[in-house]
Structure formats: structure tokens, C-alpha cells
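Trainee: First the structure, then my questions, so here it is.
The values are calculated or read from the model by the stated rules, or taken from the named source; none is laboratory data. Small disclaimer: the values here were computed from a predicted structure and weren't measured. Here Cβ is always computed from backbone atoms with ideal geometry, including for glycine, and neighbour counts include all displayed protein chains.
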Amino acid sequence: MAGTAEWKERNIEHRKWWHDKVAYQIYPKSFCDTNGDGIGDLRGIISKLDYLKELGIDIIWISPIYQSPFVDQGYDISDYYQIAPEFGTMEEFDELLAEAEKREMHIVMDLVINHCSDQHEWFQKALADPEGEYADYFYFRKGENGNPPSNYRSYFGGSCWEPVPGSDQYYFHAFAKEQPDLNWENPKMKQELYDMINWWLEKGLAGFRIDAIINIKKDLEFPNLEPDGPDGLAGFHRAVEQTTGVGELLEELKRNTFAKYDAFTVAEVFNMREEELTEFIGEEGHFSTMFDFSAHCLSEGEHGWYDAPDIDFQDWKETVTKSQLKLQKVGFAANIIENHDEPRGVSRFLPEYARNPAGTKMLGTISLLLRGIPFLYQGQEIGMQNCNWGNREEWDDISTKDQYQTALQAGLSEQEALKVCGRLSRDNARTPMQWSGEKNAGFTAGKPWLKVNPNYTRINVEDQQKDADSALHYYQKLIRLRKSEVWKEVFTYGTFLPAYEDQEYIMAFYRYLEGGENGRRVLVAGNFGTETRELPLEYSCKKVLLSNLSGNCAEEKLTLDPCGIMVLECGGKAE
Ligand code: TEU
Ligand code: CA
């Protein structure tokens, strides 16, 4: 508990420009289309900067906009120096940077350097000469007795090894076969990446979200592992868990790039070693921050999405609490409820009866007032929800299609497979942003590249802008509170302390700073149950800073209706 106070003492001169910021992820293909081709574009992003500014956003992370064949929606890059023509031009990108700067907002790009596209020049050269220099930009290996070099299953299904046509070699891919992994043991390849990263940073980029980075370190023996599925393969993540030494690569990466620019970096890391946390995001860590996926991992199935459990409130509460207590000792986590790979938070973390505006606000309040850097995902601020998928033809996502097959192979019927995969499909988050109640949710004048969630007539920005009680207005207030002069320090550096832990269906915590002129404490308490609850107050209620319902706070007790959440300024300790 003294932890954070100490932390703060120690860190007066270690404050970073990004500690108190609020970030927002844009999935460009689905954000806003301005030329009617059904695909969101850079002009669309520029046109919404004022909207984001009003929401209170400081940092905008844009999912990949580089040239790509879009096998994995831009996470397969064929030229790191080009903007995909689907999204616009480099001039428009420069304009976006300038317009963001005018509004004191920072642009962060996605950095996908574990792999590139099979259409990238390097890989094309490697294929043309499998014994040549460029083959060593990738992992080219000979097979074993007619089999691939090892029995790893890629994240998107099937072997990690793909035969190199016209040779006895295979190349390695952790994701799709169109996403060959880059060889991080090759100094020349690494230097090319560093140059590219610095080129973008020189342009004025504030930093990067770093994709799938834990995968870059390979055990060059590629040892076979115990199979974990009927296909006789073992998930590649199991190999990642056993491999050591990623830290050296990450440190070198940082030294040669980000550190020179005071860049903000947020890493996407799964399957890391717990004991490496400080090395990753401590004061001198490899990254500024990394996403806390602990709650998301609760719905990981043993064999796939088909055997994935629903999230139980108590598990969620305990997981978030444990994670906060651990992370605050080390540094800053990046908190999310959803992103472009995950289902919508409202549909996932709220029980069915709470998937309404009040519940949406309650979940948002928890996520944004936890200790760490809040990342909103586009549409979260209006409470967008999962889509009802009518048939599998409606899906675009490569991972969803693979999981659907896996479910069928496990014996599920087509209807069942549609249902279980629809629940976790990455396309849930990728349906077009719902700007208005007009055709195609106001996202495009053309034919949208992916189905629009039919609930846009109910859930959209335009209606919520007119309604003072909407999720959108609430999110604006919430962010304003978080960033207000009086409370910024507490919400940025204040200790997280769980409260009312033994109260069923209550998620509550304090954020506080001890002593001095910043000595302040707030209580955040939400009721995830179906009955009105009364909580005895440990500290007197000085003021209600924010609430989503007409909850009630008397001297010594707090009354919370179902789906009600309150943020209270605490006074003195109750007798
Ligand atoms: O995701 C990495 C990752 O681990 C995902 O495969 C995740 O487990 C999966 O999406 C769950 O279905 C990153 C990107 O965020 C994702 O969009 C890309 O597809 C992937 O890397 C490959 O670049
Ligand atoms: Ca367009």
C-alpha cells in the first residue's frame, strides 16, 4: 500500500509525458469512409479529430495503414514505407499528423515486425533464391524425413511451416502462411527495421503500438512439443512460453529507436514470464506500457473458441484486482475492455441484464479509473455491442474462419459453431463505426466492406450527441473528471486499493494519494447485481464526483441501484 506513495516520491523526476493521457484505438477500415468505396480512410479520421478531441482523447493509435494485401487486415505488411492506397496517401497521412498536432493530440501507429507479408520484397527475393541473402531474413529450414521441421500449430491454424516451392525447405510463420516471420537473429534485417522505425519517428509520430512482439525470439532448434490437439500439433504459444532471451532483442530495439525520440510504446504481449514484468514495463523497461489482457484471457478455451467459457463476474473482479495490485508496483499497464481482436466489452464483461446504457457507463467507469493508461476502442464510447451473425458468409476475419473449422472438427453442428464463434469473433469489433441512424450507420455512402451491426438505429453517435444522458456524454464527463486539475494526480499516480471485496456483485476500489497537498481519496463502486445494495461507508462522503443513476450517498452509507456506479470524494474516516 505504501507502494504507490513511495513510487511517487521516487518518480517526481520520472514523470513521462504519456502517464496522464487517455488513448483511443482506431480500426481505420471501419472508422469513417469519405469516398464511398466502403472502406474507412485517412480523410475520415481527419474529419473526426474534433469529435475525438471533444471526447477527451490525447493519443490515437491507428491499426495498420501500411501497404498490404489485407490477408490479415493490414497486419501483413508488404511495404513499411507506403500508405495503403485503400486508406489514402502519404500527403494525407502528413496532414493527419499536422491536424492532430494542432489539437495537441498524438498519433501512434501499429508496428508489425514479428512478420511481414509474403508479398514484401524481402520475401519475394527469398523465394526467388532460397539459398540467398534474403532467405536469411526469414526462418528457412529443411524438413525432417518429409515432415516439417517441427510440429507447431500457427495461431490461425495449421502448421507453422510452409514448403518453399521448388526447394526442400520450409519457412516459418506464427500466424497465416501469408505472414512469414522475420529472422531477429539477422543483424542486417534488424537494422532495416530500426531504420524504418526511425524514419516514421522522424516524421513526428509519437510512438507505436507493438504487435505480437513476444513472438520474435525463437528457439532456433525448434524442438517438437507434446501435441495438444487431434491434429498432432502443439500451439506455437507453448514454444514461446519456453523460450528465453527476448529481453535482449527488445532492449536493443528500444536503444536503437524509441529511446532516441522519447517515444511512447505500448506492447501487445501474451504468454510472458511473470518475473519479467519489471524488465518489460518498469521505469527502465523495454516499453512505456503494455496491455493488461488478464481479464480477456478468462475466456480462453482449452482447444479453441468452441470450448471457451463465459466470463463469471467474481472471476473477473478477482482477476482485475489481482492484476492491478501487481502492476502498480512495477509501472503502468494499458487498460482496455476491447480491441480489434476481442469481442465488445459490453457483450463480454456485463451480464445480459446489464447490457444497457447504465451498464455500459458502469463498465466504462471501472476501466477508465483503474490505475494505468486507459485505451478506448472505437465505438466503446457509445456502447457498441457484438453483432448477431446470420451465417458464416458474413465473416471476413481469418481467425474466425479457422475457429469455425476447428469447432466443426470437434463435432459441433454448423449452427452451434456459428454461435460459439459469433460470440468471440474478431469481426464483432470490426463492424463499421455507428455514426448515425442513417443508411449504413452513416459510415459510408457505398457498400460497407463488412456488415453493419443492425442495432445502429438504436446505438449511434448522432442520437447520443443529442441526449445529455447518453453513454457518449457520460464518457466525456468521465474523461474530464479523470483529467481534471484536481483529480488528475490521483487518477494517474494514486494507489489502487480494492474495497468491499467480500460483497457479492460489487466491484469497488479506492484510488488515493497520501499526505501533503495532494492527499486525496476517491471511492469507485459499481453494482453488477440485480438488486439495490447498501454499502456502509468507511470514509464519509464529501462529494459525488460522478454517477450514472440517481444513486444515493448519505453520511454513512452508499445506496447503489442495479447497474449503478458512483465515484465519491472521500472525507474523513467514519467512526
Ligand atoms: O494479435 C496477436 C495475437 O496474439 C492474436 O493472434 C490473438 O491471439 C488473436 O487475435 C485472438 O484471435 C496481433 C494483432 O492484434 C492481430 O490483429 C493480428 O492478427 C496478429 O497480431 C498478427 O499480426
Ligand atoms: Ca474510403
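Trainee: Scan LEU412, LEU450 and give me the residue that is farther than 18 Å from GLY44 by Cα, of a type in the set (A, V, I, L, M) and not in a helix (DSSP H, G or I).
Mentor: It is LEU412.
Trainee: GLN385 - would you say it is over 22 Å from GLU274 (Cβ atoms), in contact (Cβ under 8 Å) with a residue 12 or more places away in the chain, out of contact with any Lys or Arg (no Cβ under 7 Å at 6 or more places or on another chain) and buried (at least 21 other Cβ atoms within 10 Å of the Cβ)?
Mentor: no
Trainee: Given the criteria over 16 Å from VAL22 (Cβ atoms), more than 16 Å from ligand 1 (Cβ to nearest atom) and either without any contact (Cβ under 8 Å) to a residue 12 or more places away in the chain or not small (Gly, Ala, Ser) (or both), does ILE57 qualify?
Mentor: no
Trainee: Quick one: how many residues across the stretch 24-34 are part of a loop (DSSP other than H, G, I, E, B) and either within 16 Å of ligand 1 (Cβ to nearest atom) or without any contact (Cβ under 8 Å) to a residue 40 or more places away in the chain (or both)?
Mentor: So the count comes out to 3.
Trainee: Name the residue, out of GLN82, GLN73, that is modelled with pLDDT of 95 or more, over 21 Å from ALA334 (Cα atoms) and surrounded by fewer than 20 Cβ atoms within 10 Å (Cβ to Cβ).
Mentor: When all the criteria are applied, what remains is GLN82.
Trainee: Of these, GLU534, GLU555, which one is part of a loop (DSSP other than H, G, I, E, B) and charged (D, E, K, R)?
Mentor: None of the others qualify; the one that does is GLU555.
One line per residue, one yes/no per condition, for (1) within 29 Å of the chain's Cα centre (by Cα); (2) hydrophobic (A, V, I, L, M, F, W, C):
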residue	(1), (2)
THR492	yes, no
LEU497	yes, yes
ASP502	no, no
ILE506	yes, yes
TYR510	yes, no
GLU514	no, no
VAL524	yes, yes
ASN527	yes, no
LEU535	no, yes
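Trainee: Which one of these does THR406 not meet: (1) closer than 17 Å to TRP305 by Cα; (2) touching a Ser or Thr at 6+ places or on another chain (Cβ under 9 Å)?
Mentor: It is condition (2) that THR406 fails.
Trainee: Filter the stretch 31-70 down to the residues that are more than 18 Å from the chain's Cα centre (by Cα), among the acidic types (Asp, Glu) and buried (at least 19 other Cβ atoms within 10 Å of the Cβ), then identify the one that is farthest from GLY204 (Cα to Cα).
Mentor: Per the criteria, the residue is ASP33.
Trainee: Right, here's the next one. Looking at (1) assigned to a strand (DSSP E or B); (2) touching an Asp or Glu at 6+ places or on another chain (Cβ under 9 Å), can you tell me which one ARG141 breaks?
Mentor: (2)
Trainee: Just for the stretch 144-173: of the residues that are over 18 Å from PRO69 (Cβ atoms) and in contact with an Asp or Glu (Cβ under 7 Å, 6 or more places away or on another chain), which one is surrounded by the fewest Cβ atoms within 10 Å (Cβ to Cβ)?
Mentor: GLY157
Trainee: Now a separate question. Of these, PRO343, PRO374, which one is of a type outside the set (Lys, Arg) and assigned to a strand (DSSP E or B)?
Mentor: Going through PRO343, PRO374 in turn, just one is of a type outside the set (Lys, Arg) and assigned to a strand (DSSP E or B): PRO374.
Trainee: Write out, first by first residue and then by second, each pair whose Cβ atoms fall under 9 Å of each other, whose residues are 6+ apart or on separate chains, and whose first residue, in the stretch 468-496, is closer than 17 Å to LYS543 by Cβ and in a loop (DSSP other than H, G, I, E, B) while the second is polar (S, T, N, Q) and at pLDDT below 95.
Mentor: So the pair list comes out as GLY494/THR4; GLY494/ASN518.
Trainee: Looking at this structure, is ASN460 modelled with pLDDT of 95 or more, at positive phi and not small (Gly, Ala, Ser)?
Mentor: So ASN460 does not fit the description; no.
Trainee: To continue, here is another question. Looking at SER294, SER299, which one is closer than 30 Å to VAL524 by Cα, surrounded by 15 or more Cβ atoms within 10 Å (Cβ to Cβ) and in contact (Cβ under 8 Å) with a residue 40 or more places away in the chain?
Mentor: The match here is SER299.
Trainee: So LEU363 clears everything in (1) among the hydrophobic types (A, V, I, L, M, F, W, C); (2) within 16 Å of ligand 1 (Cβ to nearest atom); (3) over 13 Å from GLY304 (Cα atoms); (4) not in a loop (DSSP other than H, G, I, E, B) except one condition, right? Which one?
Mentor: (2)
Trainee: Which of the residues spanning the stretch 144-161 are assigned to a loop (DSSP other than H, G, I, E, B) and modelled with pLDDT under 95?
Mentor: ASN145, GLY146, listed by residue number.
Trainee: Scan the stretch 408-431 and give yes if some residue there is touching a strand residue (DSSP E or B) at 6+ places or on another chain (Cβ under 9 Å) and at pLDDT 95 or above, otherwise no.
Mentor: Yes.
Trainee: Inside the stretch 127-172, can you point out the residues that are among the aromatic types (Phe, Trp, Tyr), in contact with a helix residue (DSSP H, G or I) (Cβ under 8 Å, 6 or more places away or on another chain) and touching a residue at least 60 places away in the same chain (Cβ under 8 Å)?
Mentor: TYR152, TYR155, PHE156
Trainee: At least 3 residues that are touching a Ser or Thr at 6+ places or on another chain (Cβ under 8 Å) and modelled with pLDDT of 95 or more in each: list the helices (runs of 4 or more DSSP H) lying fully within the stretch 177-262 that qualify.
Mentor: In the stretch 177-262, 187-202 are the helices (runs of 4 or more DSSP H) which contain 3 or more residues that are touching a Ser or Thr at 6+ places or on another chain (Cβ under 8 Å) and modelled with pLDDT of 95 or more.
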